[in-house]
Amino acid sequence: MKRLSILGLFVVVALAACSPKTGDMLGDAPEPAFDQKPIETAIDLTNVNEDRLLVQLDPGMFSQDTVLFRLPRVVQGTYAISDFGTFAEGFKAYSYTGAEMNVAKTDSNTWTIPNAQNLDRIEYYVNDTFDIEGTDKATPFSPSGTNISDDVFVLNLHGFVGYFEGREDRSYQIDVTSPLGMNYSSALAQLSADTTGQSVSITYQADRYFDVTDNPMMYGNLTQERFEAGGIEIVFSVYSPSGNHTASQYRDVVYEMMQAQSEYIGELATTDRYDIFLYLSTQQQDAQGFGALEHQTSTVMTYPDVVNQAMLSEALVDVVAHEFFHIITPLSVHSEDVHYFDYNDPTFSKHLWMYEGLTEYFASHFQVYEGLQDRQAFYDKMVGKIQTAAGLDDEMSFTVMSENVIDEPYASNYYNVYMKGALINMCLDIIMREQSEGQRSMMSLMHELSEKYGKDKPFEDDAIMDEITAMTYPEIGDFLQTHVAGTTPIDYQVYFNKVGLSMEEVETPVTVFFRDQQTPFINVNQETGELYFMDSGLNTTLIELGVEPGDIIKSVNGTELSIRNAQAILAPSFQWTPDMDLSMTLIRDGEEVEVSGKVGEPKAMSPKLIEMEDATEEQIQLRNWWLGENTSEQ
Ligand SMILES: [Zn+2]
């Protein structure tokens, strides 16, 4: 942090006294007023400095005495603290005479610039976030993070380009200079492109700071596919460090998914173009958080490079579909907290059950409804969510959690938005279809809400549940009050019974460490970081090896296991064959225990949703309304 010295203050005051301030003096001024020109921003990818990029910003002339310049503390859609200001260093501000001005860094993300009438331009270096993931420094969730390397640049622009406090409405012109021939994509409107020698500079336009944060770019050694699906131009860019994954391998999967999503969404306007940026990580000083972040016309997804094509295909559909459905909520239907988002000190809406829960439900449901997946696969996915949700606080009000999501104990239950949040909407969808005799659904409700509101008109956070109740049925209102705002756990069997399904325990094939792709047999002790086998049942292989519930896993096949390398060590087990050897060192009651044997063909007792043989016509009818005719078994 830099403090103002007496001498520095004197110099700055003296300069301020002779700088033009009034309108009629602007003719001599070196620059138009702040309101009169976009903030000119430049990032040069051809000039990486110690793994950092230099960012330069040239705003118009300020009329106020002091301005605050900030990088975001929180970015939209992440529900966690990112502190992008802690990745910037060497911050310098220059006056119109070219002198370096005094600046104070007043908190992790804010630089205070006095005598702002003199401020000509600022510059600073930005370090990337992917490199240090897994170290002790807290890092932004990877899909919102940044990467700088010779091979690839992940330009989540909110990690590079800041804003002047209170002036988030100003437009930006962003110049990105890159080596000639480097692949890239950005959903931002391109104003011009200039080639000089071996580099090319593209000037992009962002109407306000929101558009800076909402339009990521990727430059580098990418494979790309561009095609039309469901009336949308898809630009699909893939970075794979091994070169094992290319955009063309996944073109058909993405095409089929986007086509089906368009069908499912129906007439709701979405976007003309959609960019999918897929970054695959080596997991060595590289992205460690996997998933994606939504934007109005794009998504950035991070995933391990080590996975095979089948796993990546499945993940792409689950994850990218989720992000695309975010176009409906919160990007279109949202409250004031989302609409007037404060990047430094945000307030949070009560309605993550809708923003994340409904979105996650749509991303699962459209696959069965549009016939991409059979019904049993959908049932299995919902049961998996019930099982994972059982490990989280089932008596926590979803609205209270949502409003306080960056604080404990709510933050560590955030993951439930994808589990119980989706199940809440599954129940609501069944109620909607039951009450309307198949005429209405959660999707049709979202059509009504987006007509009433939409991306330029937020709803009132405290009023929306009553409003939804008034628009629908008392049963919807009761459910929202009891299980979403209230703390009463949901009895899922009540809703499954309406559609003629029952939950039964059956023996199912599993893998050694996972019941399915999302549900491990292993849990993490939040306090110690140790990984241990869960109490909720083991599989036949683990039982034969002599594993007991609660055993802490010290090493797997000779490699020490920690929370940092767990993904890298455990994920390959999906590809293990029955004849492979497996040995583990466990800790039980403080003593080390060695176990070893073959991987075998593990099975476990797992709950399964079964279609009732004696289901009534009414139950079958509601099931067909709910899951669609594409997979009906009539
Ligand atoms: Zn989401």
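The values are calculated or read from the model by the stated rules, or taken from the named source; none is laboratory data. Model, not experiment: these values are computed from the prediction. All Cβ positions, glycine included, derive from the backbone under ideal geometry; neighbour counts span all protein chains shown.
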query = Got a number for residues in the stretch 79-109 being within 26 Å of the chain's Cα centre (by Cα), closer than 20 Å to residue 62 by Cβ and surrounded by fewer than 18 Cβ atoms within 10 Å (Cβ to Cβ)?
reply = 0
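Pick out the one residue from 544, 505, 548 that is touching a Gly at 6+ places or on another chain (Cβ under 8 Å) and more than 26 Å from residue 401 (Cβ to Cβ).
Details: 505 fails: touching a Gly at 6+ places or on another chain (Cβ under 8 Å); 548 fails: touching a Gly at 6+ places or on another chain (Cβ under 8 Å).
Sole residue among the options that is touching a Gly at 6+ places or on another chain (Cβ under 8 Å) and more than 26 Å from residue 401 (Cβ to Cβ): 544.
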inquiry  = more than 21 Å from residue 345 (Cα to Cα), touching a strand residue (DSSP E or B) at 6+ places or on another chain (Cβ under 6 Å), at pLDDT 95 or above and in a strand (DSSP E or B): which single residue out of 194, 175 fits that description?
reply    = 175
query = Looking only at residues in the stretch 197-212 that are touching a strand residue (DSSP E or B) at 6+ places or on another chain (Cβ under 7 Å) and not small (Gly, Ala, Ser), which one is farthest from residue 233 (Cα to Cα)?
reply = 198
query = Does the stretch 331-340 contain any residue that is closer than 28 Å to residue 445 by Cβ, more than 16 Å from the ligand (Cβ to nearest atom) and among the hydrophobic types (A, V, I, L, M, F, W, C)?
reply = no
key: Filtered residue count, the stretch 58-73, keeping only those that are buried (at least 23 other Cβ atoms within 10 Å of the Cβ) and either in a loop (DSSP other than H, G, I, E, B) or at positive phi (or both)   = 3
remark   = Counting only residues in the stretch 90-108 that are out of contact with any Asp or Glu (no Cβ under 6 Å at 6 or more places or on another chain) and assigned to a loop (DSSP other than H, G, I, E, B), the one nearest to residue 142 (Cα to Cα) is identified as 103
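Test residue 507 against the criterion of being touching a Lys or Arg at 6+ places or on another chain (Cβ under 6 Å), surrounded by fewer than 14 Cβ atoms within 10 Å (Cβ to Cβ) and of a type in the set (Asp, Glu), and give yes or no. Walk me through how you get there before you give the answer.
Details: touching a Lys or Arg at 6+ places or on another chain (Cβ under 6 Å): yes; surrounded by fewer than 14 Cβ atoms within 10 Å (Cβ to Cβ): yes; of a type in the set (Asp, Glu): yes.
Answer is yes for this residue.
Please verify whether the stretch 160-175 includes one or more residues that are of a type in the set (A, V, I, L, M, F, W, C) and out of contact with any Ser or Thr (no Cβ under 8 Å at 6 or more places or on another chain). Break it down stepwise before answering.
First, pick out the residues of the stretch 160-175 that are of a type in the set (A, V, I, L, M, F, W, C): 160-161, 164, 174.
Subset that is out of contact with any Ser or Thr (no Cβ under 8 Å at 6 or more places or on another chain): 164.
Within the stretch 160-175, one or more residues are of a type in the set (A, V, I, L, M, F, W, C) and out of contact with any Ser or Thr (no Cβ under 8 Å at 6 or more places or on another chain).
Can you tell me which residue in the stretch 341-363 is farthest from the ligand (Cβ to nearest atom), limited to those that are of a type in the set (Ser, Thr, Tyr) and surrounded by 23 or more Cβ atoms within 10 Å (Cβ to Cβ)?
The first filter runs over the stretch 341-363 and keeps only residues of a type in the set (Ser, Thr, Tyr), leaving 343, 347, 349, 355, 359, 361.
Cutting the leftovers down to surrounded by 23 or more Cβ atoms within 10 Å (Cβ to Cβ) gives us 343, 349, 355, 359, 361.
Details: 343: 19, 349: 14, 355: 7, 359: 5, 361: 11 Å.
Taking the candidates together, the pick is 343.
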query = Scanning for something within 16 Å of the ligand (Cβ to nearest atom) and either among the hydrophobic types (A, V, I, L, M, F, W, C) or not assigned by TED's automatic domain parsing to the domain that holds residue 465 (or both), does the stretch 388-397 turn up at least one residue?
reply = no
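If a residue must be part of a loop (DSSP other than H, G, I, E, B) and either within 13 Å of residue 157 (Cα to Cα) or within 15 Å of the ligand (Cβ to nearest atom) (or both), how many such residues does the stretch 75-89 contain? If you could, list the steps in order and put the result at the bottom.
Within the stretch 75-89, the subset part of a loop (DSSP other than H, G, I, E, B) is 75-83.
Within this subset, residues satisfying the condition of being either within 13 Å of residue 157 (Cα to Cα) or within 15 Å of the ligand (Cβ to nearest atom) (or both) are 75-80.
Final tally of qualifying residues: 6.
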key: residue 223, sole failed condition from (1) in contact with a strand residue (DSSP E or B) (Cβ under 6 Å, 6 or more places away or on another chain); (2) of a type in the set (Val, Ile, Thr); (3) under 21 Å from residue 159 (Cα atoms); (4) not assigned by TED's automatic domain parsing to the domain that holds residue 57   = (3)
Filter pass, residue 280 being over 16 Å from residue 218 (Cβ atoms), more than 13 Å from the ligand (Cβ to nearest atom) and outside any loop (DSSP other than H, G, I, E, B) = no
